[in-house]
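Here is the structure we will look at.
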Amino acid sequence: QAKAEGRNTLRFYSPDMESISRNNISLETDLRKAMIQEQFELHYQPQINLEMGSIAGAEALLRWVRPEFGLTSPNVFIDIAEETGLINEIGAWVLKKACTQAAAWQNLGYGPLRISVNLSPVQFLRQDIVQLVDDTLEATGMNPEYLELELTEGSLLKDVERTRQILQKLKKLGVRIAIDDFGVGFSSLSYLKNFAVDTLKIDRSFISNLLAGSRDEAIVRTIISLAKSLELKVVAEGVESNPQLACLLDHSCDEAQGYLFSRPVPSDAFEALLKENPRYLVPKQNIPPKKV
Ligand code: C2E
Ligand code: MG
Ligand code: MG
Ligand code: MG
């Protein structure tokens with residue numbers, strides 16, 4: 001932290017800093033316990049195919065049921081998990097859990113259902129991620145076609161040549177690669193040319209103020225058309241309102257994900273959703289004709 005602020009920055013001791021570092025230490029201790037005591041859960045958020053209005057996939061999102069704190073988002077603990085290396089163990093658990101669940105849903109006849117799993121840059125570059133994915137697919141019987149790994153631009157650009165090789169190997173296993181939070185990184189479009197990716201996920205920050213005629217609309221339209229030109233699937237994240245959805249439909253976005261459709265929910269609730277197989281509301285002209 002001090003280094004990041006530069007050598008010439010004076011820093012003063014403050015009780016605040018002490019309490020932050022004390023909190024981090026107890027967070028680390030608690031995280032270690034969490035792994036052993038199985039306090040992690042995965043929640044699933046549907047990704048909606050906007051042509052059909054049906055569930056095309058689910059993003060698996062990590063939750064920590066932390067004693068005395070309750071359901072805790074990864075935003076609170078991912079940094080510490082990465083700094084301490086605990087993310088490797090946690091990430092391996094996430095992958096196995098998500099694949100086991102997906103294979104179970106497939107066997108229950110809910111397939112084809114794509115499952116997206118977030119990978120940390122630490123996991124991606126330090127661990128033997130290709131071996132881990134291969135072993136996990138093998139152990140769980142998950143069909144690789146239906147596994148999508150989400151990476152952020154930041155993790156793709158850390159070591160470009162190594163990344164290119166890893167992505168190539170992952171593709172050989174048959175899994176899909178998505179770029180998460182697309183558009184907010186210090187992106188260079190050249191990696192889209194060199195990397196084997198399948199999906200762009202438009203960052204939520206472009207969707208939250210999405211209105212016809214806005215600059216956000218211009219950006220979103222451009223990302224969608226970029227994706228189509230490169231024959232990539234494009235998913236909008238964080239869709240919360242009907243006007244946002246209407247705008248995405250206007251520009252023929254492939255899929256959308258957000259509170260408008262569903263929050264991330266525990267596996268049993270997601271299974272109920274699959275059973276119910278809802279047709280999500282889309283404007284009339286986009287509803288496919290009913291079968292008779
Ligand atoms: P992300 O991968 O970009 O996931 C989307 C985040 O947006 C999730 O937050 C989700 O709950 C939230 N979200 C979805 N729809 C809406 C919406 O309509 N409005 C708003 N305001 N938010 C929405 P969550 O679950 O708290 O996760 C935060 C981040 O933590 C994720 O961002 C991802 O980067 C990371 N993460 C989550 N699970 C894992 C994991 O298993 N491993 C790793 N390495 N990172 C994870
Ligand atoms: Mg994600
Ligand atoms: Mg995202
Ligand atoms: Mg994110």
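The values are calculated or read from the model by the stated rules, or taken from the named source; none is laboratory data. None of these values were measured; they are calculated from a predicted model. Please note: Cβ atoms are built from the backbone with ideal geometry, for glycine as well, and neighbour counts cover all protein chains shown.
Overview of values
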| quantity | calculated |
| --- | --- |
| Extreme residue, nearest to ligand 4 (Cβ to nearest atom), among residues of the stretch 169-183 that are in a helix (DSSP H, G or I) and closer than 11 Å to Val197 by Cβ | Leu170 |
| Verdict on Ile202 being more than 25 Å from Asn242 (Cβ to Cβ), modelled with pLDDT of 95 or more and within 16 Å of ligand 2 (Cβ to nearest atom) | no |
| Entirely in the stretch 190-234, the helices (runs of 4 or more DSSP H) that have 1 or more residues that are crowded, with 18+ Cβ neighbours inside 10 Å and within 16 Å of ligand 3 (Cβ to nearest atom) | 204-207, 215-229 |
| Residues (part of a helix (DSSP H, G or I) and within 16 Å of ligand 2 (Cβ to nearest atom)) located in the stretch 131-155 | Glu153, Gly154, Ser155 |
| Any hit, the stretch 84-96, residues being away from ligand 4 (no atom under 16 Å from the Cβ) and closer than 27 Å to Ala236 by Cβ | yes |
| Failed item, numbered, when Ala98 is tested on (1) within 16 Å of ligand 2 (Cβ to nearest atom); (2) more than 23 Å from Lys158 (Cα to Cα); (3) exposed (fewer than 14 other Cβ atoms within 10 Å of the Cβ) | (3) |
| Hits in the stretch 78-95 (condition: buried (at least 20 other Cβ atoms within 10 Å of the Cβ) and either within 13 Å of Leu61 (Cα to Cα) or touching a residue at least 60 places away in the same chain (Cβ under 8 Å) (or both)) | Ile90, Gly91, Val94, Leu95 |
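To keep it simple, each residue is scored yes or no on (1) more than 10 Å from ligand 1 (Cβ to nearest atom); (2) under 16 Å from Val94 (Cα atoms); (3) touching a helix residue (DSSP H, G or I) at 6+ places or on another chain (Cβ under 8 Å); (4) in contact (Cβ under 8 Å) with a residue 12 or more places away in the chain.
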position: Met35; (1), (2), (3), (4): yes, yes, yes, yes
position: Glu38; (1), (2), (3), (4): yes, yes, no, no
position: Tyr44; (1), (2), (3), (4): yes, yes, yes, yes
position: Ser54; (1), (2), (3), (4): yes, no, no, yes
position: Ala58; (1), (2), (3), (4): yes, yes, yes, yes
position: Leu62; (1), (2), (3), (4): no, yes, yes, yes
position: Phe69; (1), (2), (3), (4): yes, no, no, no
position: Thr72; (1), (2), (3), (4): no, yes, no, no
position: Asn75; (1), (2), (3), (4): no, yes, no, no
